[in-house]
Amino acid sequence: MNSNLLSWLTKTGLDEQRAELYLATLSKGEATAAELADAMKMRRTAIYDNLRILESRGYVQTIKHGKRIAYVALHPKELKKRFDNLGDQLKDLLPDFLSLYAGKSKTPFTQTFQGPHAAREVLADILNVAKNEYVYFSPQSLTAQTLDRAYIKKWIENRVKKGLRSRSLRVQNKNVNDPLFTKEAEYLRQIRYLPAYVDLKTSIYIYENNIGLISSQNEGMAFIIHSPDLAFSLKQIFEFLWSVSSTQI
C-alpha cells in the first residue's frame, strides 16, 4: 500500500482502515464487498459498514449488475476536482469562519497576504468584521497606489450601504484631491490631518479586535492581526492623535 497516498487520504478525514479500503477499491476498478473483504482480510460486516460510510462521503459508488452489487472508487481526477471545489468554497467562506473565530477568541493570530491584491484582503475583512465604525492612519496616496479606483469605488459603495462609518488620520498631501477619497459626509467619513512633519509608508486600520496593515506598493504586503489588547492600545493612540489633529491640510 502506497504510504503517501494513505497519509494524504487520512488527512482528508478518513481513518486509516477506510483509506486503505478506498485504495483497494481503486486498484480493482470494480469489486464486490466479498472481493474487497478477501483483499482486505476483513469481515464482510465491517466491509459493508465502511463501504456505506465511504459511499455517503462520496469516495465510492454502488454499481448494480442484476443481483450483483459492486463498488467503484471515485476517479482520482474527480477526487482532485472535488477537493479543489471544496478549497474554492473554503476561500469564499474563510472571512465568515475567521470573524466567528475572532469574535469569540482572545488568542492573537496573524494572517499574511502578498501580491497585487493583498490590500483587498484587509478591506474585505473590514467590511465583514467591523460593526459601526473603523478608524485608520494612512498616507492619502497609498490607497490609490495599492487599490484600483474601480475596486475602491465599489468597496465604498458597499461600506456606505452597510452604514459603516470611518474616521481617518491622514498624512498631508495637497496633490490628492480625488473626491472619492476626500468627500466626507456623502461617504460617511471624517478626516483629520497629522502634522506636516509626520509621514507614513503603511496604512493602519483598527476595527473591532483587528488591526489591518497595508504596506507600500513596492512591498506588496498586507497583514491582519487579531489581538484585542493591541487593537485597544492602538485605538487609544488614535483617539489621542484625533483630539489634537487638524481638520485642514
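At-a-glance table
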| quantity | calculated |
| --- | --- |
| FRET E, pair Ser246, Gln145, Förster distance 30 Å, beta-carbon r, rounded to 0.05 | 0.80 |
| 15 Å beta-carbon shell around Glu184, net charge (K/R +1, D/E -1) | +4 |
| Neighbour count of at most 15 Cβ within 10 Å plus DSSP loop: longest GluC sites (Glu not before Pro)-free window in the chain | 31-183 |
| Calculated FRET value between Leu94 and Lys67, using beta carbons and R₀ = 51 Å, to 0.05 | 0.60 |
| Extended-chain gain in nm, criterion 0.36 nm per residue less alpha-carbon gap, Glu30 and Leu180 | 47.8 nm |
| Exposure proxy order (Cβ contacts within 10 Å, fewest to most) of Tyr48, Tyr22 | Tyr48, Tyr22 |
| Inverse mean reciprocal Cα-Cα distance (Kirkwood Rh) of the chain, Å | 22.1 Å |
| Links that overshoot a 20 Å alpha carbon limit, given the list Lys11/Lys81; Lys11/Lys64; Lys161/Lys235; Lys91/Lys161; Lys153/Lys201; Lys28/Lys64 | Lys11/Lys64; Lys161/Lys235; Lys91/Lys161; Lys153/Lys201 |
| Cα→Cβ-extended label distance, 7 Å offset, between Ala196 and Ile53, nm | 7.3 nm |
| Length released on extending from Arg43 to Lys162, taking residue separation times 0.36 nm less the Cα-Cα span | 36.9 nm |
| Mean ellipticity per residue at 222 nm, deg cm²/dmol - from DSSP H runs of n ≥ 4 across the chain, formula -39500 (n - 2.57) | -16000 deg cm²/dmol |
| Charge dipole (the chain, unit charges on Cβ, about Cα centre) - positive-most of Leu5, Gln89, Tyr151 | Gln89 |
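Where a number appears in this text, it was derived from the coordinates with a stated rule and is not lab data. On a predicted model such as this, the values are computed, not experimentally measured, just so you know. Glycine gets a Cβ as well: all are built from the backbone with ideal geometry, and neighbour counts include every protein chain shown.
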